[in-house]
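Remarks on the structure that follows.
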Amino acid sequence: MRGRLLQSSIFLAASCNVGTAFTTPQQSRRAYYVQPMHESTQLGQQRTEEETTNTNVNFEEWIADAPEEIIKWKPCVISDGGSIPSYVQGTLVRNGGGIWTAPNNNDEFSHIFDGFAKIHSYRIHNSQVECQSRFLQGAWYKTFLEKGKQSIPAGIGVGPVLDSTNQQPKLGMVRTIQALINSATIFDNTPVNIWDYQPHIKESDNSTNKRKKTIVALTDAPPRTTIDFNTMDTISSSTINPLASGAKGYELTVTAHPMYSQAKMAAVDSEGVDTYNVAVELGLQGPSVNLVRETSEGKRSVVASVPSTDGIPYAHSFGLSANFAMIVLQPLRLDPSPDRMLELGFLRAMTHVDQTRIVLVELASGNVVLDKCIDEKVYFYHSISQAEIEEDGGVTVSLRLCAYKTPDQITGEHQFMRLEQAKKGREWRNKLHRGGTFCDINCNLLDQSVEVDWKDEIEQGYELPVT
């Protein structure tokens, strides 16, 4: 099972830019750090015994600029006497920010998800590892390079761009106009996730495949960056997605966490696999929420669409099972004011509504089989799993979230990974929630009821680092 998982898939995660650890089944509590041979200590220092076993996750390194790159596959060594089991085969790709500051112009990003996208790739074969570490070559990053890394392009981000001398947002009418122009024309920074739209293609072998195998870097907006799976070169980037069949407006956001069709996963070795995602579209009749299906050939179509009459929702993930997609619209709406988004970033600028909305879509027909607003407020970044339970002559669809009862983790003063706060030290970082609580959203299709079940008895924090 472990071998098949690594052989057949790209691991999908937004991650830090300093290291990845491999563990053996027999020694699962101990990390073995993989380092490039003869690489500088900034890119991979050997950790001491104390550093590999204490609770410090090297947070300071995670949020530090890492401008160095490894642009060709380079052999790695495994420190601390470890080894990689022979059944571990495949390529591990991590994505995240790599630069957050332009010190010569006192510019700095204030949120981890705004850093310039940098991928770390580990190719594992016959217990040997090769690695790369390189920035995605999109228009956003190239603009930064063209300015000699002296200033960060004006734009609307997860957080504001700050003046590092006083930690205040960089504002003004000229900057607002430039941010709107840049967001529409050159913004293609994708530092949040990696997705494989071609899991049925195992290698970049042009003698057997008519096209190269590619993977894609994603964020919570339409831009995507296409990467050559074999070389890790940036092939292309875009500021918008291909127009989905059935779309009626402009696609404003799309989640960073698409999901595979479970119905077609069994056929992954012989044919393409459909990917589902949730997008927010702006049209003449106002915003709508679309469930979008995309084939491995890149054809996109709208499966179902529901209007949003109380503003523009924000979704980072959703739920998918064999027959249904569940879209949970948390009680937050994007503020369309560019000045407010420049001052606070689009997350902290969001406004609040009084209900959580749950939409359930049948995949085969595209019918919305449940659309209900509930008074209980559920806030979240990530879905975990979704199940369909047949009981009492009906079906209950249950989506498990890593959720919060207040919006502070997203919109509050101590929101997740607000960098000017996180850089102040562990005391400030530990003002964050420990990482969410399991929360099940149970939708009974027979009586159209929705139950919210918080798993408060589980005290372990999940999802987010706080040390």
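Which number in (1) at pLDDT below 95; (2) open to solvent by 10 Å² or more (accessible area, probe 1.4 Å); (3) over 18 Å from D339 (Cα atoms) marks the one condition that A102 misses?
(2)
May I ask you to list the residues in the stretch 105-118 that are under 15 Å from N193 (Cα atoms) and open to solvent by less than 20 Å² (accessible area, probe 1.4 Å)?
I112, D114, G115, F116, A117, K118
Give the residue, chosen from S288, S301, that is among the hydroxyl-bearing types (S, T, Y), part of a strand (DSSP E or B) and crowded, with 19+ Cβ neighbours inside 10 Å.
S288
Could we say that S317 is hydroxyl-bearing (S, T, Y), more than 18 Å from G412 (Cβ to Cβ), in contact with a strand residue (DSSP E or B) (Cβ under 6 Å, 6 or more places away or on another chain) and in a loop (DSSP other than H, G, I, E, B) here?
yes
How about the stretch 331-354: which of its residues are open to solvent by 30 Å² or more (accessible area, probe 1.4 Å), closer than 17 Å to K405 by Cα and within 21 Å of the chain's Cα centre (by Cα)?
R348
Considering the stretch 229-264 alone, what residues qualify as being more than 27 Å from A325 (Cβ to Cβ) and either in a loop (DSSP other than H, G, I, E, B) or modelled with pLDDT of 95 or more (or both)?
Answer for the stretch 229-264, where residues must be more than 27 Å from A325 (Cβ to Cβ) and either in a loop (DSSP other than H, G, I, E, B) or modelled with pLDDT of 95 or more (or both): F229, N230, T231, M232, D233, T234, I235.
Have a look at V129, V34 and point out the one that is crowded, with 19+ Cβ neighbours inside 10 Å, at pLDDT below 75 and of a type in the set (A, V, I, L, M).
From the options V129, V34, the qualifying one is V34.
Quick one: is L252 surrounded by fewer than 19 Cβ atoms within 10 Å (Cβ to Cβ), out of contact with any Ser or Thr (no Cβ under 9 Å at 6 or more places or on another chain), free of Cβ contacts under 8 Å to residues at least 60 places away in the same chain and not hydroxyl-bearing (S, T, Y)?
In short, no.
The values are calculated or read from the model by the stated rules, or taken from the named source; none is laboratory data. This one's a predicted model, so the numbers in the text were calculated from it and none came from an experiment. Cβ atoms come from the backbone with ideal geometry, glycine included; neighbour counts cover every protein chain shown. Remember, those area values only see protein heavy atoms, side chains included, never the ligands or the DNA or RNA. Shrake-Rupley method; radii C 1.70, N 1.55, O 1.52, S 1.80 Å.
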